[in-house]
Amino acid sequence: TGSVVSADDPVYRAGIEGPLKVIADEFYGLQSRLLYPDIWVVRPITEPQRRGSQQWHRDPEDVPILKAFYYPDGVEPDQGPLEYDLIDRIVTLAAPPQTVAFFDASHLHRGGYCTGRPRISACWGWVTPASIYPSTFSVAA
């Protein structure tokens, strides 16, 4: 596994209990498993070139795979918001402060590149217990 989180880390706790976990469990119709809790800070770049998750992709960990982003400061168009393909149109997730956005990452999506102020988000991913992908974190003893 990757990162080590403290058992009392608020981002980790939000992913395993409370409203976010309830939504994840209801989405799957069973007890979901937290794949990862994380905080992302995306800094502005001067020469935008899409790479990695900034290219159109589907996450492979499960079908479906529920992800949530919490944007404490919101997301403006120049901060590289998430883009999601709804088949008949592309949705860009510019959002006001304090927004929590859920989406199925097994559908086509991409992150944008930031040219404005840094984009800050807390992020979670949940899978079914049957997913063969391990959690990307461990909890400190």
- Item | Failed criterion for Gly116 (all others in (1) assigned to a loop (DSSP other than H, G, I, E, B); (2) in contact (Cβ under 8 Å) with a residue 24 or more places away in the chain; (3) over 28 Å from Asp9 (Cα atoms); (4) open to solvent by 60 Å² or more (accessible area, probe 1.4 Å) hold) | (4)
- Query: If you take the residues of the stretch 29-44 that are under 18 Å from the mean Cα position of the chain (by Cα) and open to solvent by 70 Å² or more (accessible area, probe 1.4 Å), which of them is farthest from Trp124 (Cα to Cα)?
  - Reply: Arg43
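For the stretch 1-22, name all the residues that are outside any loop (DSSP other than H, G, I, E, B) and open to solvent by 70 Å² or more (accessible area, probe 1.4 Å). So that I can check it myself, show each step before the final result.
Initial filter on the stretch 1-22 (outside any loop (DSSP other than H, G, I, E, B)): 3-5, 10-16, 19-22.
Answer for the stretch 1-22, where residues must be outside any loop (DSSP other than H, G, I, E, B) and open to solvent by 70 Å² or more (accessible area, probe 1.4 Å): Val4, Pro10, Arg13, Pro19, Val22.
With farther than 23 Å from Val11 by Cα, of a type in the set (Asp, Glu), touching a Ser or Thr at 6+ places or on another chain (Cβ under 9 Å) and open to solvent by 10 Å² or more (accessible area, probe 1.4 Å) as the only criterion, which of Asp78, Asp85 stands out?
Just a single option satisfies the conditions, and that option is Asp78.
Which one of Ile90, Ile120 is modelled with pLDDT of 90 or more, of a type in the set (Val, Ile, Thr) and either closer than 27 Å to Asp25 by Cβ or in contact with a Cys (Cβ under 7 Å, 6 or more places away or on another chain) (or both)? Steps first, please.
Numbers: Ile90 fails: either closer than 27 Å to Asp25 by Cβ or in contact with a Cys (Cβ under 7 Å, 6 or more places away or on another chain) (or both).
Of the residues listed, the single one that is modelled with pLDDT of 90 or more, of a type in the set (Val, Ile, Thr) and either closer than 27 Å to Asp25 by Cβ or in contact with a Cys (Cβ under 7 Å, 6 or more places away or on another chain) (or both) is Ile120.
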- Task: Kindly indicate which of Ser138, Ser121 is small (Gly, Ala, Ser), outside any helix (DSSP H, G or I), on the phi < 0 side of the Ramachandran plot and surrounded by 14 or more Cβ atoms within 10 Å (Cβ to Cβ).
- Result: Ser121
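Can you find a residue that is at pLDDT 90 or above, open to solvent by less than 70 Å² (accessible area, probe 1.4 Å) and of a type in the set (Val, Ile, Thr) anywhere in the stretch 45-52?
no
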- Okay, strands (runs of 3 or more DSSP E) sitting entirely in the stretch 25-100 with 2 or more residues that are of a type in the set (D, E, K, R), I get 33-42, 83-85
- Task: Would you mind stating whether Ala14 is modelled with pLDDT of 95 or more, over 20 Å from His109 (Cβ atoms) and either of a type in the set (D, E, K, R) or in contact with a Leu (Cβ under 9 Å, 6 or more places away or on another chain) (or both)?
- Result: yes
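The values are calculated or read from the model by the stated rules, or taken from the named source; none is laboratory data. Predicted model, so just to flag it, every value in this text is computed and none were measured. Counting neighbours? That spans all protein chains shown, and the Cβs are built from the backbone with ideal geometry, glycine included. Note: accessible area is taken over every heavy atom of the protein model, side chains too, but ligands, DNA and RNA are not part of it. Shrake-Rupley method; radii C 1.70, N 1.55, O 1.52, S 1.80 Å.
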